[in-house]
Amino acid sequence: MLSPQSTETVKATAGVVAEHAEEITKRFYPHMFEAHPELMRVFNKANQAIGEQPKALAASVVAYAVHLIDPAAPDFTPIMQRIAHKHVSLGIKSYEYTIVGHHLMWAIGDVLGDAVTPEIASAWDEVYWLFACQLIAEEGKLYALGGTDPEHPYRPYTVVERDDETPESFSLVIKPAEGELPSHRTGQYVGVAVDLPGGERQPRQYTISGVPGREAFRLTIKRVHGADDVPDGQVSNWLADNAQVGTVLEVSQPAGDVVLEESEAPLVLVSAGIGITPMAAILEDLSQRQPHRSIRVFHADRSHSTQALYTSMRGQAEAMNDVVGQFWYEEEAESAPTIHPARPGLMDLSDAEIPSGAKVFMCGPLPFMQVVRRTLIDKGVAPEDISYEVFGPDLWAQNPDNADNAA
């Protein structure tokens, strides 16, 4: 709990900090990386380049501060848990919060100047450390449950199989070089850290596209081509070119809070592009354990030839009692060899049949999910029944309703 004195100070200054939060975080990251270049091995350079990481940090800190000073603010626990899962998958260590805190407070002073009195600096330092300590505790719990030493968050895994799914996507089946495969829940992901040419090390997160209980993980990955100021995918492209049977990869423990729960409720699976990977895991799981479950599968892609995991998912759907799928392809929709005729263009769920009481899982680009969420809510789906996964900084979790309005 924030001290009474700091509470009043944060209430008085929250608007100013929020107004300058993105500028603060944009100053913070270069300053920190200049002093600690080793941390570039933890942060996604692509997210830094396009500005998503500063926006996510700014939104998180401001949302946490509002949570501390406003009793009517939404519960911050789900956001805290999501951040903790992301951090564990990247191998974040507790002592790194001290480094982040130092440079973040420097950035606040640098941007706001003489307006940052000692009282204001002390209050916002208290906000940061309450935030950090809760994250450290949550991450420590996740590391302990996963049997992971936080000082050594990555384990070597060997690629034992590679399947090219489409010209741009492929699946890697990986096993620990030593020891047993850790348990995971359907829908979770792992971090993969790759040493790139030139000495850089970069982590990325990939969904476990297979089901729990196997002797290996399956990761389905798409080569990323840069466009519109978004750089090429460093890690995905390195894996596409270099990961073959026998390649050893550094892999984190499974993480992720968007998982398949035990239920009989109908499910609606909505995805675009490589966002189909958690849906493939969910469908495979249910085809084995609950083949009677009512499932609706909606997917958007560039074309049928670019849709990963189609054949395996079709086989699982055909083995179940009540699975209906609909696809949208931007190219060659009319000639696509799918069970139900594919529709051309972008996904539109306005006329889709959504079972009453359905739980929804979404994965895909953020603007895509914002549109889908709006449509589903308009069709009567409760917001709390819509779960989503996004890889990289989560620019939506702090306030999905505002994000919808801005889309």
Can you name the residue in the stretch 238-259 that is crowded, with 17+ Cβ neighbours inside 10 Å and of a type in the set (Gly, Ala, Ser) and, of all such residues, is nearest to residue 386 (Cα to Cα)? 256
Matching residues in the stretch 296-346 (touching a Pro at 6+ places or on another chain (Cβ under 8 Å) and exposed (fewer than 15 other Cβ atoms within 10 Å of the Cβ)) number 5
Are any residues in the stretch 304-330 of a type in the set (Phe, Trp, Tyr) and farther than 18 Å from residue 167 by Cα, and if so, which ones? 327, 328
Looking only at the stretch 184-219, and only at residues there that are in a loop (DSSP other than H, G, I, E, B) and at pLDDT 95 or above, the one that is nearest to residue 87 (Cα to Cα): 188
Residue list for the stretch 129-170, filter: touching a residue at least 60 places away in the same chain (Cβ under 8 Å) and of a type in the set (S, T, N, Q): 148, 158, 166, 169
Only helices (runs of 4 or more DSSP H) wholly contained in the stretch 276-387 count here; list those with 2 or more residues that are modelled with pLDDT of 95 or more and farther than 22 Å from residue 222 by Cβ. 276-289, 366-378
Scope the stretch 111-120; condition under 17 Å from residue 23 (Cα atoms) and surrounded by 15 or more Cβ atoms within 10 Å (Cβ to Cβ); matching residues: 111, 112, 116
How do the helices (runs of 4 or more DSSP H) wholly within the stretch 1-105 filter down when requiring 1 or more residues that are within 28 Å of residue 155 (Cβ to Cβ) and modelled with pLDDT of 90 or more: which remain? 4-35, 77-90
Given the conditions (1) β-branched (Val, Ile, Thr); (2) farther than 30 Å from residue 147 by Cβ; (3) assigned to a strand (DSSP E or B), which single one is not true for residue 224? (3)
Is there a residue being of a type in the set (Ser, Thr, Tyr) and either closer than 19 Å to residue 207 by Cβ or out of contact with any Ser or Thr (no Cβ under 7 Å at 6 or more places or on another chain) (or both) anywhere in the stretch 323-337? yes
Cβ pairs under 6 Å, 6+ apart or interchain, first in the stretch 23-44 and more than 20 Å from residue 199 (Cβ to Cβ), second surrounded by fewer than 16 Cβ atoms within 10 Å (Cβ to Cβ) and at pLDDT 90 or above, ordered by first then second residue, are 27/110
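The values are calculated or read from the model by the stated rules, or taken from the named source; none is laboratory data. Because the structure is a prediction, the values reported are computed rather than measured. Please note: Cβ atoms are built from the backbone with ideal geometry, for glycine as well, and neighbour counts cover all protein chains shown.
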